[in-house]
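Values quoted throughout were computed directly from the atomic coordinates according to the rules given, and no laboratory measurement underlies them. Because the structure is a prediction, the values reported are computed rather than measured. Cβ: placed from backbone, ideal geometry, glycine included. Neighbour counts: every protein chain shown.
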Amino acid sequence: MLSPDNRPVSVAYPKPTIDGGTAPVTTSCTPETASAFAVGTSTVTCTVTDAQTRAASCSFPVTVNPALRLNATAILAFGDSITEGTTPTTLSGMTLTGIGCHTGSAVAYPAVMNDLLKTLYPTQSVAATNCGWAGEEATQGVVRLPTGLSTGTYDVVLLMEGANDLSALSGGSQSAAVNTIANAIVSMIRTARSGRTVFVGTLTPQRPGGKGPRPEWVDPVNARLRSVVPSEGAVLVDTWQALGGSPDPYISSDGLHPTSAGYQRIADAFLSAIRGALETRSQP
């Protein structure tokens, strides 16, 4: 049992099982079922008496865990259109303007994650700022990131870039594209990591024939990221694996951007990594 705010919570438990005795038998437990139990471990003692006034007793513990707490409250989600929350219906007319920090789409993974954060940590004000910029390449993100970081005092930075570099570099070699993306990600980690925990998402699956011209380069890029990200002190979030390593069913009809369900999976993957690194139990 979890107390979301460290206050006592009602705990209902079943009646004890009686074996033997002469009917009728009466039972009583203290504290009673559905009583309010404080954070910590309490003992419930139950007594049974039969028609011959023979008595027996038993006891069991009831544990109420303290509220979950995140050792971070301000999260910057930085990336391209997959961070912004682009779907095929929102692509037309997009331009690279401003610094890209905004509310973002309601289906975007930072927005989905914000709803989850409110439920998990009701005693804290934990929120992710969406700083996704549709069309951005990782090399452009290197330049934009310091400005994004300047928009708040962030404890956590989520990075997810590289899909657009595959398009921009599609006329060259695979190895050059892998190196360019990996080097840009490393540069962004080094910019972001001072006093912050950095999480880096892998590239998501792409469908052949879709907007991404080099879906076969996704695996080599991700293989490099799985190597370099931990070596830079950041946490790798395998969003490719979170989407099943396949464009179906989580990549939309354009072959590049996730569906709403895909964005949910990305939010779950980032949140799971954040919880694993930064979640604690608060003290009542």
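As a summary of the residue check, residue 200 satisfies the conditions (1) among the aliphatic types (A, V, I, L, M); (2) surrounded by fewer than 22 Cβ atoms within 10 Å (Cβ to Cβ); (3) touching a helix residue (DSSP H, G or I) at 6+ places or on another chain (Cβ under 6 Å) except for the one numbered (2).
Taking the criterion of being loosely packed, with under 14 Cβ neighbours inside 10 Å, of a type in the set (Val, Ile, Thr) and at negative phi, the residues of region 34-57 that qualify are 41, 43, 45.
Summed over region 100-134, residues that are of a type in the set (S, T, N, Q), in contact with a Gly (Cβ under 8 Å, 6 or more places away or on another chain) and not in a strand (DSSP E or B) total 1.
Has region 6-16 got any residue that is surrounded by fewer than 11 Cβ atoms within 10 Å (Cβ to Cβ), hydrophobic (A, V, I, L, M, F, W, C) and within 30 Å of residue 120 (Cα to Cα)? Scanning region 6-16, I find at least one residue that is surrounded by fewer than 11 Cβ atoms within 10 Å (Cβ to Cβ), hydrophobic (A, V, I, L, M, F, W, C) and within 30 Å of residue 120 (Cα to Cα), so the answer is yes.
For region 135-148, the condition holds for no residue, the condition being that it is part of a helix (DSSP H, G or I), touching a Lys or Arg at 6+ places or on another chain (Cβ under 8 Å) and crowded, with 18+ Cβ neighbours inside 10 Å. Against the test of being at positive phi and crowded, with 16+ Cβ neighbours inside 10 Å, the options 255, 233, 244 yield a single qualifying residue, 255. Set side by side, the residues 51, 77, 36, 23 differ, and just one is assigned to a strand (DSSP E or B) and more than 30 Å from residue 143 (Cα to Cα), which is 36. Scan region 10-37 residue by residue and report those that are among the hydroxyl-bearing types (Ser, Thr, Tyr) and over 41 Å from the mean Cα position of the chain (by Cα). Correct list: 17, 22, 26, 27, 28.
To keep it simple, each residue is scored yes or no on (1) under 21 Å from the mean Cα position of the chain (by Cα); (2) in contact (Cβ under 8 Å) with a residue 24 or more places away in the chain; (3) surrounded by fewer than 24 Cβ atoms within 10 Å (Cβ to Cβ); (4) in a helix (DSSP H, G or I).
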{"residue": "153", "(1), (2), (3), (4)": "yes, yes, yes, no"}
{"residue": "159", "(1), (2), (3), (4)": "yes, yes, no, no"}
{"residue": "165", "(1), (2), (3), (4)": "no, yes, no, yes"}
{"residue": "177", "(1), (2), (3), (4)": "no, yes, yes, yes"}
{"residue": "180", "(1), (2), (3), (4)": "no, yes, yes, yes"}
{"residue": "187", "(1), (2), (3), (4)": "no, yes, yes, yes"}
{"residue": "208", "(1), (2), (3), (4)": "no, yes, yes, no"}
{"residue": "217", "(1), (2), (3), (4)": "no, yes, yes, yes"}
{"residue": "225", "(1), (2), (3), (4)": "yes, yes, no, yes"}
